[in-house]
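The values are calculated or read from the model by the stated rules, or taken from the named source; none is laboratory data. Since the model is a prediction, treat every value here as computed from it, not as a measurement. FYI the Cβ positions are ideal-geometry reconstructions off the backbone, even for glycines, and counts take in every protein chain you see. Ligands, DNA and RNA are stripped out before the accessible areas are found, and what is left, the full protein with its side chains, is counted by its heavy atoms. Shrake-Rupley method; radii C 1.70, N 1.55, O 1.52, S 1.80 Å.
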Amino acid sequence: MTALTARRIELRLEQMVGAERGLTARHALMAADRRLDLIRDDCRRELDLRLERLNAFARRDPAQRPPDQTLERVILEAEAALTACGALNRPMLGRALGLLCAMADALMHTRYWPEGALNPAINLVGLCRAGDLPGPQGEVMLQALERCLAQYLRHIER
């Protein structure tokens, strides 16, 4: 029979929090927020770059289904925008970008293409980025995108 030894590695943050008169959770969060301040401007620039590329996609002919390669590019741009928005504390923007990724992925697996299929999601992302959408209205629009996603998933060829 082989003996199994389990080791638990204590992280530096755990040591700091656990130490007598150590770091409190509140102070740890404040320190993390200060570190995020250092990258927020870079994240905004990256987010805006990715959103401009998504908007360029939305301006193309909405009636014609794009090739899968183009849909893959939409997913990559939306994923990069999602990563960039992580430091900005914009949960509704993150949800809209996540739905855009899921919708584009679902459409890659079907020939189904309602005219402008991804444009509502891209437009919602833009509204969320600009801060032009009150919470309750944004929630209604996110729910509508979730229904679109469910419709797209029903068309996947299995």
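Worth pointing out:
- Hey, Asp61 closer than 20 Å to Tyr152 by Cβ, open to solvent by 50 Å² or more (accessible area, probe 1.4 Å) and either not in a helix (DSSP H, G or I) or not charged (D, E, K, R) (or both) or not: yes
- Checking each residue in the stretch 85-127 for being crowded, with 23+ Cβ neighbours inside 10 Å and farther than 15 Å from Leu149 by Cα picks out Cys85, Leu93, Val125.
- With respect to the stated conditions, Ala102 is hydrophobic (A, V, I, L, M, F, W, C) and within 30 Å of Asp33 (Cα to Cα).
- Residues of the stretch 114-138 satisfying the condition of being modelled with pLDDT of 95 or more and farther than 23 Å from Arg50 by Cα: Pro114
- In the stretch 86-96, the residues that are closer than 16 Å to Cys43 by Cβ and out of contact with any Cys (no Cβ under 7 Å at 6 or more places or on another chain): Gly86, Asn89, Pro91
Okay, residues lined up against (1) touching a Ser or Thr at 6+ places or on another chain (Cβ under 8 Å); (2) open to solvent by 80 Å² or more (accessible area, probe 1.4 Å); (3) farther than 18 Å from Pro120 by Cα; (4) modelled with pLDDT under 95:
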position	(1), (2), (3), (4)
Ile39	no, no, yes, yes
Arg45	no, yes, yes, no
Leu54	no, no, no, no
Arg65	no, no, no, no
Ile75	no, no, no, no
Ala78	no, no, no, no
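- Restricting Thr110, Thr83 to those that are among the polar types (S, T, N, Q) and part of a loop (DSSP other than H, G, I, E, B) reduces the list to Thr110.
- Residue check, Thr70 part of a helix (DSSP H, G or I), under 15 Å from the mean Cα position of the chain (by Cα) and hydroxyl-bearing (Ser, Thr, Tyr): no
- Number of the condition not met by Leu142 [criteria: (1) at pLDDT 95 or above; (2) within 30 Å of Arg34 (Cβ to Cβ); (3) open to solvent by less than 30 Å² (accessible area, probe 1.4 Å)]: (2)
- Qualifying residue in the stretch 145-156 (condition: out of contact with any Cys (no Cβ under 9 Å at 6 or more places or on another chain), under 30 Å from Leu38 (Cβ atoms) and crowded, with 20+ Cβ neighbours inside 10 Å): no
- Residues located in the stretch 128-138, provided they are open to solvent by 60 Å² or more (accessible area, probe 1.4 Å), assigned to a helix (DSSP H, G or I) and either more than 22 Å from Ala104 (Cβ to Cβ) or touching a residue at least 12 places away in the same chain (Cβ under 8 Å) (or both): Pro136, Gln137
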